[in-house]
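A.B. asks: Below is one structure. I have some questions about it.
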Amino acid sequence: MTPSTLIRLLSACLALATSACTTAQTVLVAGASGKTGVPLVKSLQAEGYKVRAMVRDKAKAGEFAPGVEIVEADVTKPETLTAAVAGARYVISAIGASAAKPPNNPEAVDYRGVANLADAAKAAGVKHLVLMSSIGAGDDNPSTPLNRMFGMVLSWKGKGESHLRSSGVPYTIVRPGGLVDCDGGKEALRVGAGDSNLSGRVCRADVALVMMDALRNPEAAGKTVALVGDSKAPANDWRADWKAVARDSAP
C-alpha cells in the first residue's frame with residue numbers, strides 16, 4: 001500500500017468516526033426559532049448533530065427540518081428547563097430580550113434567563129454551553145446608545161455572562177458585532193478577545209458557525225470572544241484565532 005493510499009484511508013476513517021461521534025450527541029438550541037437560532041439549527045443538522053430546538057411556543061415556532069426534536073420551554077420559567085435540558089450533551093443559547101420592558105426585557109432574559117439556563121445545564125451535566133452575547137456586554141453606562149434605547153441591555157448581558165462563568169458549566173461566550181441577515185461562509189471573520197476593540201457587523205449564519213465550532217474545540221473552552229466580519233482577513237483564518245485569545249480569569 002502506497003503512503004498516499006494509506007493517508008486517504010486514514011482520512012476516510014477519521015471522517016466516519018467524527019460523523020458517528022457527532023450524530024450521537026444532542027445539542028439543545030435555546031432560541032431556536034429566532035433569527036440566529038434558525039441558521040444555527042441548520043448548521044448543526046448539516047454537521048450530523050441531533051438537534052433539540054427549544055421554543056417558547058410550538059404553535060408560533062415555524063417549521064423545522066425533519067429530525068429536529070422540538071421542546072417547549074421558557075428561560076424565564078426555570079421549572080420548564082429541567083426536561084428541556086435532560087439528556088443534552090451540549091447547549092447553545094441564541095436567546096435575547098425582545099422588548100425593553102417586561103416581561104421579556106433584558107433583565108428577565110439576558111440576565112435571569114441566561115442564569116436559569118446555566119443552572120439547568122449544570123444540574124443536567126451538560127458538557128459545554130455556548131452563549132451568544134454581544135460586543136460591549138458589561139457596559140454599565142446608561143448613556144451608551146444601546147443601553148439608553150433598550151433597557152440597559154449591555155449591562156444585563158454582562159451579568160448573564162458573569163453568572164455563566166461562575167456556574168461551573170464548561171462554556172464559551174461569543175460576543176458578535178451588529179447582526180445582519182446574509183448567507184454564511186462567504187465573508188472572512190475575525191475572532192478576538194471579548195474586551196478587544198473589534199467592531200463591525202457579522203452575518204447571523206456566521207455567528208452560528210463559530211458557536212458550533214466552539215462546542216468541541218478545546219481552544220474555545222473558558223473563553224469570551226468578540227466576533228466580526230473582516231474583509232481583510234484570510235478565509236477561515238478565524239479558526240486559528242481561538243488559540244490567540246486568553247482564557248477568562250477565574251470568577
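The values are calculated or read from the model by the stated rules, or taken from the named source; none is laboratory data. Just so we're clear, the structure is a prediction, and the values are computed from it rather than from any experiment. Backbone-built Cβ (ideal geometry, glycine too); neighbour counts: all protein chains shown.
A.B. asks: Hey, any hits in the stretch 239-246 for a residue that's over 12 Å from the mean Cα position of the chain (by Cα), assigned to a loop (DSSP other than H, G, I, E, B) and among the acidic types (Asp, Glu)?
C.D. replies: Within the stretch 239-246 (the criterion being over 12 Å from the mean Cα position of the chain (by Cα), assigned to a loop (DSSP other than H, G, I, E, B) and among the acidic types (Asp, Glu)), the answer is no, since none of the residues qualifies.
A.B. asks: Output the residues belonging to the stretch 96-124 that are in contact with a Leu (Cβ under 7 Å, 6 or more places away or on another chain) and either touching a residue at least 60 places away in the same chain (Cβ under 8 Å) or among the basic types (Lys, Arg) (or both).
C.D. replies: Scanning the stretch 96-124 gives a single hit, Leu117.
A.B. asks: Cβ contacts < 6 Å: first residue more than 22 Å from Tyr111 (Cβ to Cβ) and among the small types (Gly, Ala, Ser), restricted to the stretch 61-80; second residue assigned to a loop (DSSP other than H, G, I, E, B) and at pLDDT 95 or above, any location; separation 6+ or different chain. Result?
C.D. replies: The qualifying pairs are Ala61/Ser33; Gly62/Ser33.
A.B. asks: Scan Gly192, Gly184, Gly168 and give me the residue that is of a type outside the set (Asp, Glu) and loosely packed, with under 15 Cβ neighbours inside 10 Å.
C.D. replies: None of the others qualify; the one that does is Gly168.
A.B. asks: Right, next: Looking only at strands (runs of 3 or more DSSP E) that lie completely in the stretch 33-122, which have at least 1 residues being closer than 22 Å to Gly178 by Cβ?
C.D. replies: Output list reads 90-93.
A.B. asks: Additional query: Could you check the stretch 125-143 and list, in sequence order, the residues that are in contact (Cβ under 8 Å) with a residue 24 or more places away in the chain and either on the phi < 0 side of the Ramachandran plot or in contact with a strand residue (DSSP E or B) (Cβ under 6 Å, 6 or more places away or on another chain) (or both)?
C.D. replies: The answer is Val126, Lys127, His128, Leu129, Val130, Leu131, Met132, Ser133, Ser134, Ile135, Ala137.
A.B. asks: Test Ala124 against the criterion of being of a type outside the set (Lys, Arg) and touching a Gly at 6+ places or on another chain (Cβ under 8 Å), and give yes or no.
C.D. replies: Yes.
A.B. asks: Determine, yes or no, whether Leu198 is surrounded by fewer than 23 Cβ atoms within 10 Å (Cβ to Cβ), among the aliphatic types (A, V, I, L, M) and touching a helix residue (DSSP H, G or I) at 6+ places or on another chain (Cβ under 6 Å).
C.D. replies: No, not satisfied.
A.B. asks: Out of the residues in the stretch 57-112 that are under 18 Å from the mean Cα position of the chain (by Cα) and among the basic types (Lys, Arg), state the one that is nearest to Leu164 (Cα to Cα).
C.D. replies: Arg112
A.B. asks: Among the residues of the stretch 162-211, write down those that are among the β-branched types (Val, Ile, Thr) and closer than 23 Å to Ala118 by Cβ.
C.D. replies: Matches in the stretch 162-211: Val169, Thr172, Ile173, Val174, Val191, Val207, Val210.
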